1. For segment 95-110, indicate whether the set of residues that are crowded, with 18+ Cβ neighbours inside 10 Å and either of a type in the set (S, T, N, Q) or at pLDDT below 95 (or both) is non-empty.
2. Return yes when Ala75 is assigned to a strand (DSSP E or B), closer than 15 Å to Val33 by Cβ and touching a Phe, Trp or Tyr at 6+ places or on another chain (Cβ under 8 Å) and no when it is not.
3. If only one of Ser167, Ser157, Ser140 is without any contact (Cβ under 8 Å) to a residue 60 or more places away in the chain and among the hydroxyl-bearing types (Ser, Thr, Tyr), which one is it?
4. Six or more apart or on different chains, Cβ under 8 Å: which pairs go from a residue in segment 172-191 that's surrounded by 18 or more Cβ atoms within 10 Å (Cβ to Cβ) and in a helix (DSSP H, G or I) to one that's at pLDDT 95 or above and of a type in the set (S, T, N, Q)? Could you list them?
5. Within segment 14-27, identify whether any single residue is farther than 18 Å from Leu219 by Cα and modelled with pLDDT of 95 or more, and answer yes or no.
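The values are calculated or read from the model by the stated rules, or taken from the named source; none is laboratory data. Note that the coordinates shown come from a computational prediction; the quantities given were computed from them, not determined experimentally. Ideal geometry is used to build each Cβ from the backbone, glycine not excepted, and the neighbour counts take in all protein chains shown.
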Amino acid sequence: MLNGKIALITGASRGIGRAIALKFASLGADIAVIYSGNEDKALEVCSEARQMGVRAEAFRCDVSNFEETRMTVDAVKNTLGSVDILVNNAGITRDGLILSMKEEAFDQVLDTNLKGTFNMIKHCSPMFLKKRSGKIINISSVAGIMGNPGQANYSASKAGVIGLTKSVARELASRNVCCNAIAPGLIQTEMTENLANGNPLLTSVPLGRMGKPEEIAELAAFLAQDISNYITGEVIRIDGGLAM
């Protein structure tokens, strides 16, 4: 259970982030819903979480902006209290073949997916170190493990998240802070809705289907609880066997 814990989740207004936020709330955690654009969706998540008897607040933040993430983390701390669990889920895609990919598309994806993860870890870590406990869960991707044509920027960002996860895990382990990554495969979200029907990549999934956000949330919940206190620096695939 996560009773009494405070969880900060980026990209929590929809998809995997939403599922994680609601799963954590069902386990008793208070939730900071970090979103970039859709306030209505973020407020819906907060409303659903409150119905489970926990506190939930929405905070708008561009995670790629170092100063904005600092101010957001301060706002979460002042509103809900010191963070116990950080989930770095915010991510974007700007797909294109490397020969036609614009520099801006590469930079935007790296800034949000990788630098955004760094920013949040940087600003939340002092709270973890002071408590001598904490859980950091970074959402990577199988694209960061095996690459994906047309996604050089996305694959590079998610591979970077894996390296960042391992370095942070080593740095913070002496203070009892665990840092792990989840590498989802094809998951049914708005980001992948164009892949749902007739996509040949699905034939490469041994289980023969896309995953559900709730399945990622179950794994995140395991990593957030004390039962996983001896797991750190891991990258756990949840992909139906795609990258085995």
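1. No, segment 95-110 has no match at all.
2. When the stated conditions are applied, Ala75 does not pass them.
3. It is Ser167.
4. Note: pairs meeting the criteria are Leu172/Ser125.
5. There is no residue in segment 14-27 that is farther than 18 Å from Leu219 by Cα and modelled with pLDDT of 95 or more.
Yes/no per residue for (1) under 19 Å from Thr117 (Cα atoms); (2) at pLDDT 95 or above; (3) over 15 Å from the mean Cα position of the chain (by Cα):
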site: Leu172; (1), (2), (3): yes, yes, yes
site: Ala181; (1), (2), (3): yes, yes, no
site: Asn194; (1), (2), (3): no, no, yes
site: Asn197; (1), (2), (3): no, no, yes
site: Leu202; (1), (2), (3): no, no, yes
site: Leu207; (1), (2), (3): no, yes, yes
site: Leu223; (1), (2), (3): yes, yes, no
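Matching residues to (1) over 15 Å from Ala156 (Cα atoms); (2) part of a helix (DSSP H, G or I); (3) small (Gly, Ala, Ser):
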{"position": "Asp40", "(1), (2), (3)": "yes, yes, no"}
{"position": "Asp62", "(1), (2), (3)": "yes, no, no"}
{"position": "Asp107", "(1), (2), (3)": "no, yes, no"}
{"position": "Gly116", "(1), (2), (3)": "no, yes, yes"}
